[in-house]
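Shown next, in structure tokens, is the structure this report addresses.
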Amino acid sequence: MTEPAVDIEGLVKRFGAFAAVDGLDLSVAPGTVHGFLGPNGAGKSTTIRVLLGLYRATAGRVRVLGLDPATHAAEATRRISYVPGEVRLWSTLTGQEVLDALAALRGRRNAAAEQRLVNDFALDTRRRVGTYSKGNRQKVALIAAFAAPTDLLVLDEPTSGLDPLMEELFQRCVREAAAAGRTVLLSSHILAEVEKLCETVTIIKDGRLVESGRLADMRYLAASTITARPPGGQADAVTDRLRSLGVEVERDGARLRLSVPRPLVPAVLGVLSDVESDDITCTPAKLEDLFLRHYAVAAR
Amino acid sequence: MSLTRLLVRRHRMTLGAWLLMLIGLCAGTVPSYQNTYDTEQQRRGVVELAQNNPATTLLYGRLPDPGTPAQMFAWELGAIVTILAAVMAVLLTVSVTRAAEDDGTLELLRGCGVAPRRPLRSALALLAGLAVVLALGCGAAVGLATGHVDAVTWAGAMAFGTTIGLTFLLVSALTAVLAQIAATGGQARALGFVAVGAAFALRAFGDVKRVDPLAWSSPLGLRAAIEPFTADRWWASAPALLVAVALAVLAEVLSGRREFGAGLVTRRAARDSRLRLRTPVGLAARLGRSSLLAWTVGVAAIGTLFSTMGSAAVKQSRSGDLGGFLESQLGTGDPAAAYLAYSDTVIGIVVCAYAVLSVLASRRSEVDGVTDLVLATGVRRWLPLAAQVLVTAAVSAAVLVATGALGALITPVAIEGDDIAARAFAYAVGQWPAAVATAGCAALLIGISPRLAPLAWLPLGASALLALLGNLLDVPQRVQDLGFFRHMPDVAGPDPRFGAPLVLIGLGVALSLAGIVATTRRDIATG
């Protein structure tokens with residue numbers, strides 16, 4: 001199966017005059033974990049709601065598991081697990097009854113997986129949902145999503161409200177899902193989480209695509225940050241040598257701060273160690289830098 | 001003060017609608033009491049009968065001498081407006097106190113440096129303010145009829161307005177106390193309604209058995225204590241005011257002794273139970289289970305009580321001495337059948353209110369985001385609303401059949417006449433088409449846009465107004481026939497007509513289908 005699990009081309013979703021999504025492309029290969037990043041109001045949730053057939057696209061071509069959600073929402077979502085950012089449930093039912101209801105409506109269930117997840121997430125399913133905290137409601141939705149025998153998981157900021165231990169567990173569940181051949185679309189604000197889990201990411205802002213592709217390739221574009229303190233009197237000479245390599249140099253007193261494209265890192269470190277600089281640090285680029293850079297650019 | 005203003009801003013539509021309805025009801029009905037009786041002798045006869053009639057005494061209280069049009073108004077319409085004011089008090093008090101805690105908005109305010117005691121104080125200030133507006137508004141509405149309706153005076157009108165305002169204040173303060181005790185806002189509302197029911201029973205019992213202190217001690221019996229248009233006993237409002245203040249203080253004390261978001265009574269949070277269902281209809285039925293029970297018991301009990309109270313009215317109507325509101329309800333024809341038709345129309349109105357509330361529940365799920373989760377399991381887009389409408393229709397039928405069956409068993413014992421049991425059953429069940437039509441209106445509105453959903457109360461309100469006050473207000477019959485009520489076929493009569501009920505059912509089905517189709521053509525709404 002080489003057809004993308006999610007395939008969006010030129011999606012436009014307008015609410016009145018406001019375009020929440022404006023010409024977005026998104027493609028998620030089957031069996032991958034795809035990060036979906038963007039600041040608040042970027043149009044992530046709107047896109048997801050179009051994918052699920054809850055919103056009707058104003059324009060563009062949308063295919064989920066090969067189906068058009070505008071006409072075949074039920075067929076598509078039967079094979080999708082969805083966890084919304086803010087989980088609201090029927091407050092008079094118990095956690096167990098909610099799991100029963102969601103599984104029954106889907107018509108497919110993996111009771112053993114569900115029981116295992118209930119234990120792993122340490123959720124007291126005998127309590128009424130009305131007494132649950134936000135995190136516990138989130139757990140109910142996550143358990144239902146991971147336990148359901150589905151091909152695609154659509155997770156919309158699913159870890160807001162979970163404690164760090166549960167986040168760890170969540171990451172394990174995502175990896176297991178991917179290992180089992182399921183596709184995961186993970187919308188998130190937590191960059192560390194996306195870095196740990198996703199092979200490919202799509203970054204959007206103001207409803208438009210900013211960047212999309214393999215994470216490894218994107219980091220390549222971003223630069224490592226190197227700082228060092230050359231011995232007194234050599235700073236100018238070092239700066240000139242580094243500039244001749246094509247590196248931007250920022251000077252903060254005796255301290256140099258460099259943003260270095262990855263292929264140049266060995267050469268730059270060579271120059272710095274030649275003159276026996278002190279306090280050399282080299283930090284590889286993080287997704288966060290990429291993220292901030294895009295937002296800063298777009299904000300201009 | 002700013003918190004009170006925020007509350008007004010947040011609830012202004014509801015507040016406005018209630019005030020407009022109650023004040024409008026007073027203003028609209030006062031003039032009709034002037035022309036109800038043609039001769040003085042006729043009026044005297046009616047007054048004497050009404051004074052000795054257990055049924056009307058139970059419903060409205062005791063009619064004071066000499067039974068002027070103003071006194072008739074305060075006695076009859078006053079009873080209806082008093083009950084409405086009490087219902088308004090329960091609903092509003094809960095929505096400005098516990099409901100704001102349950103939905104989390106109060107938490108936000110408390111986090112903004114609002115002192116723990118201020119939210120309750122602001123709510124009480126708002127309710128007190130409303131009581132004053134209600135008193136002045138109703139008083140002015142009636143007072144404007146001075147000179148047009150016999151015995152209506154400004155002093156009496158203001159005393160009348162004061163009883164309405166005080167009733168509202170008392171029930172509000174009582175509900176504020178209950179809101180500190182109950183585990184949730186919904187429970188507080190239920191307790192409030194039970195309290196209003198108990199107040200009605202206390203007043204009715206006191207009036208029928210002529211135990212005045214009992215009647216006066218009920219929040220719904222203030223008219224007997226203050227006696228607007230009779231004695232205008234202003235000082236009698238002082239005890240009620242004191243009790244209201246004491247209750248408000250009690251609410252304050254209790255609020256300091258409970259946790260935020262929880263009442264003094266806690267409820268068992270855990271239970272071992274599983275859910276066995278296959279379809280959204282099953283889910284809607286399970287979620288509506290508790291309301292099915294409450295509505296069935298409530299409607300069947302109150303409806304049957306109401307039917308059995310009719311014996312005196314029926315006798316009076318037979319001798320041609322009935323007047324005012326009840327006469328406008330019974331009209332001519334077989335009095336027993338007419339009374340049953342009237343009491344079952346009231347039941348119909350109540351069941352239609354259930355139908356609106358029940359269909360509106362699907363709108364709340366949608367706005368809350370629960371519908372998202374349901375649809376994401378592969379459920380078809382149109383199914384949640386269809387399931388809700390189906391369950392609403394089924395529960396309405398169950399409530400009406402239960403009410404009809406209980407009525408058929410008990411009413412023949414109380415009322416003499418032909419085919420009482422058959423009529424008691426058929427007239428109750430005959431309200432079902434109205435419920436289906438009402439549910440259809442709500443479904444259509446939600447289908448088009450959840451934002452329009454509150455308009456679903458309009459057809460019900462208009463139909464109820466036409467059915468209850470149409471004759472009194474001299475609305476032409478052609479217009480009255482447009483209402484959803486009073487169309488049940490007289491199965492025991494010579495020529496039962498099923499046309500109108502079939503039209504209503506057809507209308508309900510067509511509107512529901514249109515609404516269900518409309519949902520598939522729009523985006524799911526989010527809050």
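Tabulated results
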item	result
When residues of region B:238-276 are limited to those that are within 14 Å of chain A (Cβ to nearest Cβ) and of a type in the set (Gly, Ala, Ser), the one surrounded by the most Cβ atoms within 10 Å (Cβ to Cβ)	B:Gly263
Tally, over region A:61-91, of residues that are of a type in the set (D, E, K, R) and closer than 13 Å to A:Ile8 by Cβ	3
Answer from B:Ala437, B:Ala424, B:Ala428 - the residue that is of a type in the set (A, V, I, L, M), modelled with pLDDT of 90 or more, buried (at least 23 other Cβ atoms within 10 Å of the Cβ) and over 21 Å from B:Ser362 (Cα atoms)	B:Ala428
Residue within region B:206-215 that is in contact with an Asp or Glu (Cβ under 9 Å, 6 or more places away or on another chain) and under 22 Å from B:Trp18 (Cβ atoms) present	no
Which numbered condition B:Tyr339 misses (of (1) at pLDDT 80 or above; (2) not hydrophobic (A, V, I, L, M, F, W, C); (3) not in a helix (DSSP H, G or I))	(3)
Scan of region B:277-310 for residues that are at the interface with another protein chain (Cβ under 10 Å from one of its Cβ atoms), at pLDDT below 85 and not in a helix (DSSP H, G or I), ordered by number	B:Leu277, B:Arg278
Listing of helices (runs of 4 or more DSSP H) fully contained in region B:1-60 that carry 3 or more residues being without any contact (Cβ under 8 Å) to a residue 60 or more places away in the chain	B:2-10, B:12-29, B:40-51
Enumeration of residues in region B:346-393 that are of a type in the set (Phe, Trp, Tyr) and surrounded by fewer than 22 Cβ atoms within 10 Å (Cβ to Cβ)	B:Trp382
In region A:45-100, the residues that are more than 10 Å from every other protein chain (Cβ to nearest Cβ), assigned to a loop (DSSP other than H, G, I, E, B) and either of a type in the set (Val, Ile, Thr) or closer than 30 Å to A:Asn119 by Cα (or both)	A:Thr58
Out of B:Thr153, B:Thr175, B:Thr162, sole residue that is more than 25 Å from B:Val299 (Cβ to Cβ), crowded, with 22+ Cβ neighbours inside 10 Å and touching a residue at least 12 places away in the same chain (Cβ under 8 Å)	B:Thr162
Residue within region B:189-202 that is of a type outside the set (Val, Ile, Thr), closer than 27 Å to B:Ala262 by Cα, part of a loop (DSSP other than H, G, I, E, B) and in contact with a Ser or Thr (Cβ under 8 Å, 6 or more places away or on another chain) present	no
First in region B:121-136 and free of Cβ contacts under 8 Å to residues at least 60 places away in the same chain and more than 22 Å from B:Ala27 (Cα to Cα), second anywhere and in a helix (DSSP H, G or I) and hydroxyl-bearing (Ser, Thr, Tyr), Cβ under 6 Å, 6 or more apart	B:Leu127/B:Ser172
Count of region B:506-527 residues which are surrounded by fewer than 19 Cβ atoms within 10 Å (Cβ to Cβ) and either within 14 Å of another protein chain (Cβ to nearest Cβ) or of a type in the set (Val, Ile, Thr) (or both)	10
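The values are calculated or read from the model by the stated rules, or taken from the named source; none is laboratory data. Note that the structure is a prediction, hence the values are computed from the model and not measured. Glycine gets a Cβ as well: all are built from the backbone with ideal geometry, and neighbour counts include every protein chain shown.
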